[in-house]
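The values are calculated or read from the model by the stated rules, or taken from the named source; none is laboratory data. Computed from a predicted model, the values in this text were never measured in an experiment. Cβ placement follows ideal geometry from the backbone for every residue including glycine, while neighbour counts extend to all protein chains displayed.
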Amino acid sequence: MTRARADAEGSASRMMREFFLGFIKLHILHHAAEEAVYGLALITELRRHGYELSPGKMYPVLHQLRQARYLRRIDRVVNGKVRKYYMITQRGTDALADARTKIGELVGELLEAELKRRPAQARLPGTGRGRGRDAARPHR
């Protein structure tokens, strides 16, 4: 592999990590909006979504969100040990609401573009929906 190609692949890999870090931060805010959360529980939850984070990666992210005042920390004693819980702040709630709007618009555009790229015969006439196991279900 050439040096230029290795640099390009490394740059692409770093870019993907940045994309996923944004998704992870939004996941954290989402869960912290539902209830107080702690690091190891978040690691487990994010693993369900395909993200592999170690405590050494998770806690700096929580610290960043706290420094930005999107989260606040509450210390609770659990089984004789202090556990750091995180709850969303008003600033975090506002950021999450803004992100949800933007994500909704982006997802709509991405799905619309995907439907346009599919061959015409793969879509049902007049619906833009593909044939397959979902074709018999009513459009919602």
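Tell me, please, whether a residue that is of a type in the set (A, V, I, L, M, F, W, C), modelled with pLDDT of 95 or more and in contact with a Lys or Arg (Cβ under 6 Å, 6 or more places away or on another chain) can be found in the range 78-89. Looking for residues that are of a type in the set (A, V, I, L, M, F, W, C), modelled with pLDDT of 95 or more and in contact with a Lys or Arg (Cβ under 6 Å, 6 or more places away or on another chain), one finds at least one in the range 78-89, hence yes.
State all residues of the range 33-54 that are small (Gly, Ala, Ser) and either farther than 18 Å from Arg73 by Cβ or in contact with a helix residue (DSSP H, G or I) (Cβ under 7 Å, 6 or more places away or on another chain) (or both); if no residue qualifies, say none.
Going residue by residue through the range 33-54, those that are small (Gly, Ala, Ser) are 33, 36, 39, 41, 50, 54.
Within the range 33-54, Ala33, Gly39, Gly50, Ser54 meet the criteria.
For the range 45-61, the criterion of being in contact (Cβ under 8 Å) with a residue 40 or more places away in the chain and outside any helix (DSSP H, G or I) is satisfied by no residue at all. Is there a residue being in a loop (DSSP other than H, G, I, E, B), surrounded by 10 or more Cβ atoms within 10 Å (Cβ to Cβ), under 16 Å from the mean Cα position of the chain (by Cα) and touching a residue at least 12 places away in the same chain (Cβ under 8 Å) anywhere in the range 68-84? Looking for residues that are in a loop (DSSP other than H, G, I, E, B), surrounded by 10 or more Cβ atoms within 10 Å (Cβ to Cβ), under 16 Å from the mean Cα position of the chain (by Cα) and touching a residue at least 12 places away in the same chain (Cβ under 8 Å), one finds at least one in the range 68-84, hence yes. Entry remark, the range 85-99: residues being free of Cβ contacts under 8 Å to residues at least 40 places away in the same chain and among the hydrophobic types (A, V, I, L, M, F, W, C) number 1 in total.
Between Gly92, Gly108, Gly104, the distinction of being of a type in the set (Gly, Ala, Ser) and closer than 14 Å to Phe23 by Cα belongs to Gly104 only.
Yes/no per residue for (1) modelled with pLDDT under 95; (2) under 30 Å from Leu29 (Cβ atoms); (3) not charged (D, E, K, R):
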site: Lys102; (1), (2), (3): no, yes, no
site: Leu106; (1), (2), (3): yes, yes, yes
site: Ala120; (1), (2), (3): yes, no, yes
site: Arg123; (1), (2), (3): yes, no, no
site: Gly130; (1), (2), (3): yes, no, yes
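The numbered conditions (1) over 26 Å from Leu106 (Cα atoms); (2) among the polar types (S, T, N, Q); (3) modelled with pLDDT of 95 or more are all true for Thr2 except (3).
Right, Thr2: more than 21 Å from Ala99 (Cα to Cα) and either in contact (Cβ under 8 Å) with a residue 40 or more places away in the chain or over 16 Å from the mean Cα position of the chain (by Cα) (or both) or not?
Spelling it out, Thr2 is indeed more than 21 Å from Ala99 (Cα to Cα) and either in contact (Cβ under 8 Å) with a residue 40 or more places away in the chain or over 16 Å from the mean Cα position of the chain (by Cα) (or both).
Gly39 meets each of the listed conditions (1) among the small types (Gly, Ala, Ser); (2) touching a residue at least 24 places away in the same chain (Cβ under 8 Å); (3) loosely packed, with under 10 Cβ neighbours inside 10 Å apart from (3).
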